[in-house]
Amino acid sequence: MFRIGSIGKAVIAAWLAVGSGASARCVGDCDGNGMVAIDELLTGVQMALVQSASGCAALDLDSDGRITIPELVAAVGAALNGCSPPVSPSPTEGTLTPILTQTEAPTPTPASPRFTVAGCVNEFPGEPCGTGFATVLLAPLGLTSSLTNGNFTFEGIPPGDYVLSVVQKCNSIGCWKDTPITVVDRDVFIAIDIERATPMPTTTATVTPTATSGSPGFQVAGCVNEFPGEPCGAGFATVVLAPLGLTSSLANGIFTFDNIPPGNYVLSVAQHCNPIGCWKQTPVTLLDRDVFVAIDIEPTSEP
């Protein structure tokens, strides 16, 4: 819808008056020479100020004895564009229809709805959330969130399909599942479950006799630290002895490999990480006696 102010209406009325033949004069052409000069415009301004049309009848379109702003505007148009003969009215005799061009404002695109994805991380299978530290990844967006008061939070998430995973992957009990979620029209709260690792039976190393079958065999044993700088306390872990490929699960907090020949070996934890950090690979050298080793954990840097 178009709205035309009072000045605009008066200007259109002035144009209609000229187009209808109400006056054959060029608006503002005081001396009748067919053009409007600057001094004639100045005269019109002075006449408008004193509310008198005496001195230039060509400015007083409606012959009301005074000069108005629309009449001055019409005179400026004649000065800029020149005086031209009256246009033959069409389509109705005596009517000049102004053409108004409508400019449509662009329709704003409604903003996509955004939601919150939040939840917690289970530390033990089948129990309520209880993990104190973990970093959760929201794929494919690549966003991460560390636990605050036991919960992770992602805000401003558009509708779509996503996968939640725990960056630390595993703890001494098991490994966290990748958890698919779908955001549709509301916030989502979800618990990321842990899947208990299958306990591995304690394996006793058997050394195959060789040409030097008289070499002594020793015991490699130890424990797994659950927290940095504290005594061993991990309740469940599987330890790998490389390069022999032997595995040993904790029994009363201790792993044991028996009858291991002298040589260089590396101990590692199969679960790799817990919510606190990741276990280091620990080199071991056997010479002439049994070895007891504590496998340390290195804290994970919080992003």
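The values are calculated or read from the model by the stated rules, or taken from the named source; none is laboratory data. None of the values given here were measured: they were computed from a predicted structure. Neighbour counts are summed over all protein chains in view; Cβ atoms, including those assigned to glycine, are modelled from backbone coordinates with ideal geometry. Side chains are part of the model used for accessible areas, which takes the heavy atoms of the whole protein and leaves out ligands, DNA and RNA. Shrake-Rupley method; radii C 1.70, N 1.55, O 1.52, S 1.80 Å.
For this structure, a couple of remarks:
- Members of the range 157-186 found to be part of a strand (DSSP E or B) and surrounded by 14 or more Cβ atoms within 10 Å (Cβ to Cβ), listed by number: I157, Y162, L164, S165, V166, C170, G174, C175, W176, T179, I181, V183
- All positions within the range 281-303 that are over 15 Å from C170 (Cβ atoms), open to solvent by less than 90 Å² (accessible area, probe 1.4 Å) and not small (G, A, S): T282, V284, T285, L286, V291, V293, D296, P299
- Residue list for the range 130-156, restricted to those being of a type in the set (A, V, I, L, M, F, W, C) and open to solvent by 50 Å² or more (accessible area, probe 1.4 Å): L137, L141, L143
- Residue, farthest from the chain's Cα centre (by Cα), within the range 224-242, restricted to residues that are closer than 21 Å to G174 by Cα and modelled with pLDDT of 90 or more: L241
- Whichever residue in the range 243-260 is surrounded by fewer than 16 Cβ atoms within 10 Å (Cβ to Cβ) and farther than 24 Å from R196 by Cα and, among such residues, is nearest to the chain's Cα centre (by Cα): P243
- Tally of residues being of a type in the set (G, A, S) and open to solvent by less than 30 Å² (accessible area, probe 1.4 Å) across the range 53-75: 4
- When the residues of the range 25-40 are filtered to those that are open to solvent by 30 Å² or more (accessible area, probe 1.4 Å) and closer than 14 Å to A74 by Cα, the one that is modelled with the lowest pLDDT is R25.
- Selected residue (criterion: modelled with the lowest pLDDT) from residues of the range 41-77 that are part of a loop (DSSP other than H, G, I, E, B) and of a type in the set (A, V, I, L, M, F, W, C): A53
- Scanning the range 266-277 for residues that are modelled with pLDDT of 90 or more and open to solvent by less than 20 Å² (accessible area, probe 1.4 Å) yields one hit, L267.
- Test: residue in the range 117-139 that is of a type in the set (D, E), under 18 Å from A191 (Cβ atoms) and touching a residue at least 24 places away in the same chain (Cβ under 8 Å): yes
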